[in-house]
Amino acid sequence: MRTSVLNDEFFSRLETLSLELRANLAGFFGGKHLVRTYGQTVEFADYREYELGDDIRRIDWNLYSRFEKFFLKLFTDERQMHTQIFLDCSASMGKDNDPKASYAIGVAAALGYLSVHNMDKVSYKLIKGDKAEDPYGTIVGKRAFFKAISELETLTFDGEADLSAAVTGCPNPGNNDGLTVIISDFFSDFDWKKAVDYLCYKKRQVLLVQIMTPEEIDPLYQGRVNLIDSESADISDTKNMKIKITRSSQIAYEEAMKDFVDGIKQFCTSRNADFVSISTDQPIERVLFKELLKVGIMA
């Protein structure tokens, strides 16, 4: 039985946070995200001179009585963001009872909760093979959210995941209307970079969340070991191997892992996307408070 981190106490600790966007938002009215355009809220923002065709109901007659010129009242504009969360459901993300699976679901649930708590929409795209399943549709409100999360906790992680094919093949990726999060370890032979480029083309703000276990970051193996690819269905696959772990091979692994993570970070920086790499031994709330605040996603 997979251990769950999702409970009332977990969600209550998230309620002081909210997701933020850097770019202007072209979403629906009714949310809490201020944009740089002017709208129809009750919060005053500025004045400008009346122009032919403007709504005369917005004229400030008090200013007219003082300056004998027409000025319009301008108000802030608030929009509703759509948060899309793509979850890598491959075997390397948590086959069997791996706690990595619970952690990935916990991160996905936390980000989704922040969306519905702040009157935004959220949708979960489960990446299996080259498809992104959308079993819950667009979620609005906490009641629908908790129903979806209860089903998400029973999710099976197996096989491989082609992030690029799944994301680019998504029927409704949105256009300049919110945040797209990809949760994965990015241990894949497929080119995930095309997914980021596609989302940037769609003017989505992009956040990549890399989840790894402490053993993946700093393995403690030594001597002769059998390495089995968790995503391989064939025990004779060439990815599986018997090797002897030496100090030099450990150093080489550390350097390769550092280059791997740095490569993802540099690519995201070049696309104005955000990236965080986290270990499953860190509390999820700490990741949200510290790492996402650091990159500017959280407020």
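What follows is calculated from the coordinates using simple rules that are stated; it is not laboratory data. Every value quoted in this text rests on a predicted model; they were computed, and no experiment measured them. Cβ atoms come from the backbone with ideal geometry, glycine included; neighbour counts cover every protein chain shown.
Listing for the model above:
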quantity: For the stretch 96-165 versus the stretch 271-295, the gap between their alpha-carbon centres in whole angstrom; calculated: 18
quantity: Cβ-based net charge around D218, under 12 Å, with every Lys or Arg adding one and every Asp or Glu removing one; calculated: -3
quantity: Peptide ranges 55-66, 105-116, 159-170 listed from the most packed, as the mean C-beta count within 10 angstrom indicates; calculated: 105-116, 159-170, 55-66
